[in-house]
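The values are calculated or read from the model by the stated rules, or taken from the named source; none is laboratory data. Remember, it's a predicted structure, so these values are computed and weren't measured experimentally. We place every Cβ from the backbone using ideal geometry, glycine too, and count neighbours over all the protein chains shown. Accessible surface is based on the protein model in full, side chains and every heavy atom, while ligands, DNA and RNA are left aside. Shrake-Rupley method; radii C 1.70, N 1.55, O 1.52, S 1.80 Å.
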Amino acid sequence: MHRPIGVFDSGVGGLNVLKYCTALLPDESFIYLADEANMPYGNKPEDDIARAAFACADKLFAMNCKAVVVACNTATVTAIDRIRALYSTRVVVGLEPAVKPCVKELGKNGYAVALVTDATFASDRFHRLLESCDKKVVPLASPKLAKLIEDNQGDIGKIKPYLCEVFEKYGDAEAVILGCSHYSYISGLISEIYDGKIKIYDGAEGAARRLKYCLELSGLTAKKGEYTPTIKFLSTYKK
Ligand code: DGL
């Protein structure tokens, strides 16, 4: 039986993760769920984020998904341990800021800025990740940014003045870590702000590689040519 892989985020951010997943796993079918009813996650209390993330995982597993990708940094740091505990026999892959790959390439005296949502900024998991680094990574929370990106998909350049303010104090940073899946949409703008002289790290590809590894490990990888893969898009909405 050809079972799909579920991918969810609070909105359009996880589509970038989906892009890497489909490129790496072209024989798999996917269901993408945008939890627009609860967007933004990043400004909500931990329990509300966890509840929303559970509901998404529940929905996707109920649709017979063989694996679920939490394509959202905020939901990962807040709820992935609890989702894994609840679905202990299932493949659940999370999205984490690419702090480790960045730190590996960071110069001895340079520093990176890790741009995240408020909820990620406040989470223990994110701070443990930063504490495990032997180089300087400055966490930076931007409360409005994910929603601005979600709402300005047609004309993302409009948010550049706001972004300039966000990075104003960090003109000498060597790298920026995109700690929210929505921020993939603004990597071009960040590059412009730094005149192309900045390295940008995104965890999306790493999550797709992890998914591939987990599927192989569990013997769940789809066989080439056996089925025509499909991608289904779903969204929750505010009544
Ligand atoms: N895209 C989500 C993340 O990766 C959060 C966006 C939101 O605040 O809903 O953190």
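Here are some conditions: (1) in a loop (DSSP other than H, G, I, E, B); (2) closer than 15 Å to Val92 by Cβ. Leu33 meets all but one. Which one does it not meet?
(1)
Among the candidates Thr230, Thr221, Thr236, single out the residue that is in contact with a Leu (Cβ under 7 Å, 6 or more places away or on another chain), open to solvent by 20 Å² or more (accessible area, probe 1.4 Å) and of a type in the set (Ser, Thr, Tyr).
Of the residues listed, the single one that is in contact with a Leu (Cβ under 7 Å, 6 or more places away or on another chain), open to solvent by 20 Å² or more (accessible area, probe 1.4 Å) and of a type in the set (Ser, Thr, Tyr) is Thr221.
Here is a yes/no grid of residues against (1) in contact with a Cys (Cβ under 7 Å, 6 or more places away or on another chain); (2) closer than 30 Å to Ile190 by Cβ; (3) not small (Gly, Ala, Ser):
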{"site": "Gly11", "(1), (2), (3)": "no, yes, no"}
{"site": "Asp27", "(1), (2), (3)": "no, no, yes"}
{"site": "Asp35", "(1), (2), (3)": "yes, yes, yes"}
{"site": "Ala85", "(1), (2), (3)": "no, no, no"}
{"site": "Lys104", "(1), (2), (3)": "no, yes, yes"}
{"site": "Gly107", "(1), (2), (3)": "no, yes, no"}
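Would you please list the contacts, defined by Cβ atoms under 8 Å and residues six or more apart or on different chains, that run from a residue in the range 70-83 that is open to solvent by 10 Å² or more (accessible area, probe 1.4 Å) to a residue that is within 8 Å of the ligand (Cβ to nearest atom) and assigned to a loop (DSSP other than H, G, I, E, B)?
Listed pairs, sorted by first residue: Thr78/Tyr41.
Please report, ordered by residue number, the strands (runs of 3 or more DSSP E) entirely within the range 54-138 with at least 1 residues that are farther than 17 Å from Val176 by Cα, within 16 Å of the ligand (Cβ to nearest atom) and modelled with pLDDT of 95 or more.
Result: 67-70, 91-94.
Please go through the range 194-213 and pick out each residue that is touching a strand residue (DSSP E or B) at 6+ places or on another chain (Cβ under 7 Å) and under 29 Å from Val91 (Cα atoms).
Passing the criteria: Ile200, Tyr201, Asp202, Ala207, Arg210, Leu211.
Conditions first: (1) open to solvent by less than 30 Å² (accessible area, probe 1.4 Å); (2) farther than 20 Å from Asn16 by Cα; (3) at pLDDT 95 or above. Ile177 passes all but one, so which condition is the exception?
Every listed condition holds for Ile177 apart from (2).
For the range 176-224, how many residues meet the condition of being away from the ligand (no atom under 16 Å from the Cβ) and part of a loop (DSSP other than H, G, I, E, B)?
12
When the range 139-174 is examined, which residues are found to be open to solvent by less than 30 Å² (accessible area, probe 1.4 Å) and assigned to a helix (DSSP H, G or I)?
Leu145, Ala146, Ile149, Glu150, Ile159, Leu163, Val166, Phe167
If you go through the range 20-51 one residue at a time, how many are over 14 Å from Thr120 (Cα atoms), acidic (Asp, Glu) and within 13 Å of the ligand (Cβ to nearest atom)?
So the count comes out to 2.
Starting from the range 51-67, keep only residues that are under 12 Å from Leu86 (Cα atoms), then list their pairs with residues that are charged (D, E, K, R) whose Cβ atoms are within a distance under 7 Å, requiring at least 6 positions of separation or different chains.
Close Cβ pairs (under 7 Å, with a partner that is charged (D, E, K, R)) amount to Phe61/Arg90.
Count, please, the residues in the range 146-188 that happen to be touching a residue at least 24 places away in the same chain (Cβ under 8 Å), over 26 Å from Leu129 (Cα atoms) and among the hydrophobic types (A, V, I, L, M, F, W, C).
Qualifying residue count for the region: 3.
Quick check on Lys19: is it assigned to a helix (DSSP H, G or I), out of contact with any helix residue (DSSP H, G or I) (no Cβ under 9 Å at 6 or more places or on another chain) and open to solvent by 10 Å² or more (accessible area, probe 1.4 Å)?
no
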